1. Only one of (1) open to solvent by 60 Å² or more (accessible area, probe 1.4 Å); (2) in a helix (DSSP H, G or I) is not met by SER457, so which one is it?
2. Give me the pairs: first residue in the range 569-584 and β-branched (Val, Ile, Thr), second residue surrounded by fewer than 16 Cβ atoms within 10 Å (Cβ to Cβ), beta-carbon distance under 7 Å, and six or more apart or on different chains, which are they?
3. Would you please name the residue that is farthest from LYS756 (Cα to Cα), looking only at residues in the range 498-511 that are in a loop (DSSP other than H, G, I, E, B) and in contact (Cβ under 8 Å) with a residue 60 or more places away in the chain?
4. In the range 505-535, which residue that is among the aliphatic types (A, V, I, L, M) and surrounded by fewer than 20 Cβ atoms within 10 Å (Cβ to Cβ) is nearest to the chain's Cα centre (by Cα)?
5. Of the residues LEU440, LEU373, which is at pLDDT 85 or above, in a strand (DSSP E or B) and over 24 Å from the mean Cα position of the chain (by Cα)?
6. Whether any residue in the range 492-504 is open to solvent by 10 Å² or more (accessible area, probe 1.4 Å), modelled with pLDDT of 85 or more and in contact with a Gly (Cβ under 8 Å, 6 or more places away or on another chain) is what I want to check.
7. Considering each residue of the range 396-412, count those that are open to solvent by less than 40 Å² (accessible area, probe 1.4 Å) and within 23 Å of GLN337 (Cα to Cα), and give that number.
8. Quick one: in the range 754-808, of everything that is in a loop (DSSP other than H, G, I, E, B) and open to solvent by less than 50 Å² (accessible area, probe 1.4 Å), which residue is nearest to ARG732 (Cα to Cα)?
Amino acid sequence: MFTDIFFWDTCGFFVTGQWEKYMENNKRTLPLLALRNHLILPGMLMHFDIQRPDAIQAVEEALNTDQFIFLVAQKKDNVEKPSKEDLYQVGTIAKVKQMLHMPEEAMRVMVMGVDRAVLLHMTDQNNCQYAVVETPDDTLNALSEVEEKTMVIALKEQFSSVVSQLDMVADKAIQRVEEIYNLPRLIDEMGKILPLDLPDRQRILETLDIRERYACIMELLANIVYLQELRQEFQQKVKERVNKSQKDYLLREQLQVIQKELGNDAQSKNQQLQEKLDQLQASEQIKEQIQREINRLQSLGNNGTELAVQRNYVDTLLALPWDLRKEEEKDFSRTEQILESGHYGLEKVKERILESLAVRMLQERGDSPILCLVGPPGTGKTSIAKSIAEALDKVYVRISLGGVRDEAEIRGHRRTYVGAMPGRIANALKQAKVKNPLLLFDEIDKVGTDQRGDTASALLEVLDREQNQKFVDHYVELPLDLSEVFFVCTANQTSTIPQPLLDRMEVIEVSSYTEEEKYQIAKKYLWKKQLVQNGLDSKQISIDKKALMEIINGYTKEAGVRKLERSLGTICRKVARELLVELQEKKLDQAALREAVHQKKRQISLAEVGQYLGKRKYQKKNNNKKATVGVVHGLAWTSVGGTALEIEANTMPGKGQLQLTGQLGDVMKESAQIALSYVRSIGKKYDIDQEFYQRNDVHIHVPEGATPKDGPSAGITIATALLSAITKKKVRQDIAMTGELTLQGRVLAIGGLKEKLLAAKQAKAKMVCVPLANQTDVEELEEDVTKGLEIVYVSQVEEVFAKCFINP
């Protein structure tokens with residue numbers, strides 16, 4: 001077998017005997033290679049396999065000289081060592097482009113056709129055949145420009161007529177023909193792509209006169225058209241012979257056979273359905289209903305569309321695990337061990353989960369809790385659900401609710417609709433094959449509502465232990481018992497979850513990881529995981545603590561560890577490539593190369609982090625430790641963790657207007673108004689002229705203006721910045737603060753305290769002012785969170801002023 005890849009090059013045309021008048025007395029002696037069943041035209045790139053020793057030797061002889069070889073077709077392909085009489089007299093001088101030794105002493109050769117040539121005589125040399133050939137003079141009988149242009153146009157028109165009736169000519173080949181305006185090249189190109197046999201292609205090759213060659217290709221095109229017309233005419237006559245009565249007879253016979261086959265097949269399938277029903281673990285009421293549906297299916301006969309709908313419905317009923325359950329794991333110590341081995345930190349989360357599992361193990365059949373794990377992305381909420389399933393030896397099924405807006409996704413579609421199907425709950429049970437799996441509702445805070453129904457409201461019945469014992473899917477139309485399902489939900493925040501739905505779940509906060517927790521997670525889990533995924537070994541590649549801490553602080557800014565894991569994966573991939581490039585020069589096979597890589601020892605140091613990950617992405621905040629007027633550091637909570645914000649205030653001559661910039665939300669704008677009102681109310685205490693607010697404008701800005709910001713916890717920060725800007729008192733830059741402000745100057749409690757304190761540590765703050773109402777929340781935090789911070793509890797904003805301002 002061979003494949004032709006066509007390229008055009010500047011090429012001439014060749015011959016012998018009756019072709020003497022075309023010779024240009026240009027004789028050459030070249031190695032000869034006889035081809036079976038195919039030939040090569042000038043400008044054709046071809047590769048083929050050879051096995052005859054003399055043919056292989058001829059190719060090697062060509063490669064040892066100028067790479068030129070003479071290719072000529074055999075008249076009969078069964079001749080092993082052809083003589084001159086067994087070969088056509090005209091062949092092609094070609095250049096050997098590539099040679100590859102194949103198994104079983106074969107060789108694959110790639111050649112490029114260069115010119116026609118006439119075989120004069122043959123000799124045997126160096127265990128192969130040599131040919132004395134002569135190339136023709138293609139300047140004889142040359143065409144005028146008008147003649148050539150006319151012939152090209154006529155030839156292309158005939159070619160278009162042919163390809164319009166053939167489906168075997170590729171579009172690229174047709175386009176290539178359209179782009180050629182040289183007549184000899186055009187004829188050879190058509191000879192390559194048209195469905196011609198070997199003798200016809202040989203005619204094109206050995207016809208040296210360009211006018212005769214033009215007549216030859218036109219004749220071949222006309223023959224193709226004629227044969228195609230005959231074929232179509234014959235097919236039309238055959239169709240006409242089959243008259244209407246014969247068609248009806250054949251169709252009736254076929255219909256009888258089909259109906260008979262369908263009847264037997266339907267009977268066999270109905271029997272299989274009955275056997276499945278007999279083996280089904282379900283109540284008698286459910287079995288009776290399914291039996292009625294099977295009987296209805298049998299009564300439909302061969303009613304195509306309705307039969308398929310009913311069969312799918314019965315198959316769904318039989319696939320549901322009505323009373324089939326899986327025994328839970330009762331070894332509490334093993335359960336605790338699995339949770340501890342899979343997750344570092346998260347002590348309160350694991351403690352609450354273990355409490356729930358302990359109660360379930362003590363009771364014969366306790367109610368499964370409905371847990372909602374709430375926390376920033378990448379903090380391990382989904383992996384905790386997997387660990388719970390593994391610890392209890394439950395079947396784990398995940399349902400992603402992000403962006404789900406159709407109520408039918410939960411309850412299913414009614415069977416009256418075309419394409420109806422069960423909802424995701426029923427499909428999950430069908431997938432689990434037991435009635436007591438662990439079902440994870442991922443991203444429950446991102447369900448939507450539109451004209452197709454309220455998805456969150458549909459979940460109310462599912463997540464209510466008093467109602468889900470008889471949950472009815474619109475498609476199934478039979479009550480499903482969900483009381484034994486262990487429901488776990490995940491969310492990034494609770495503010496977008498409807499209150500009735502949130503009330504049905506037990507919320508467990510999965511807060512941000514501390515710097516130390518991230519280091520331990522990376523060291524114990526992520527680094528080893530990435531080494532395995534990238535074909536490396538923890539015994540050969542290690543990373544020191546300084547390098548890990550640099551990645552955590554300089555290349556990731558997140559509550560979880562997803563970016564950290566991706567960064568470690570990047571390092572592993574680059575190290576794997578370095579090791580492979582280093583060993584590739586030894587030319588080892590794959591197994592030996594893998595073994596050599598595993599023997600290399602490397603340790604990733606702090607200096608190499610920048611080499612692998614590039615420049616530091618996150619610079620240290622609050623580098624300016626010098627006291628400044630009108631700049632105060634606040635703390636904010638986001639869905640991806642805590643962050644430190646610089647709030648700036650300035651005054652300028654004006655008409656007493658307040659200007660707010662930095663993409664502030666409505667709540668934050670109100671906090672700014674409250675802060676300004678409070679500062680105005682205490683103006684006398686700080687010697688502020690009463691006319692100041694009529695003669696000056698106040699501008700409050702929160703940098704990183706492209707990021708939306710909202711919430712009430714910046715109240716005391718804005719008030720401090722305003723008072724500093726108006727009184728020109730300098731503010732310490734090593735203090736951060738958070739707290740909601742009232743018009744009376746009271747400081748109210750805020751949320752997201754752990755994330756905010758972690759952000760303060762990252763910003764290198766030494767002191768943090770927090771509301772007195774949050775003191776118990778701070779006391780419950782881990783020591784790693786508050787270590788290195790001086791926590792100051794404040795109930796009035798005046799206490800914040802006393803800590804922040806530097807007296808002139």
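The values are calculated or read from the model by the stated rules, or taken from the named source; none is laboratory data. The model shown is predicted, which means the values in this text are computed figures rather than measured ones. Here the Cβ positions follow ideal geometry from the backbone for every residue, glycine too, while neighbour counts run over all protein chains shown. Accessible surface areas use protein heavy atoms only, side chains included; no ligands, DNA or RNA. Shrake-Rupley method; radii C 1.70, N 1.55, O 1.52, S 1.80 Å.
1. (1)
2. Here the result reads VAL575/ARG602, each pair linking the range 569-584 to a residue that is surrounded by fewer than 16 Cβ atoms within 10 Å (Cβ to Cβ).
3. ARG504
4. VAL532
5. Step by step, each of LEU440, LEU373 is checked, and only LEU373 is at pLDDT 85 or above, in a strand (DSSP E or B) and over 24 Å from the mean Cα position of the chain (by Cα).
6. Taking every residue of the range 492-504 in turn, at least one turns out to be open to solvent by 10 Å² or more (accessible area, probe 1.4 Å), modelled with pLDDT of 85 or more and in contact with a Gly (Cβ under 8 Å, 6 or more places away or on another chain).
7. Qualifying residue count for the region: 1.
8. Checking each candidate, the answer is ALA765.
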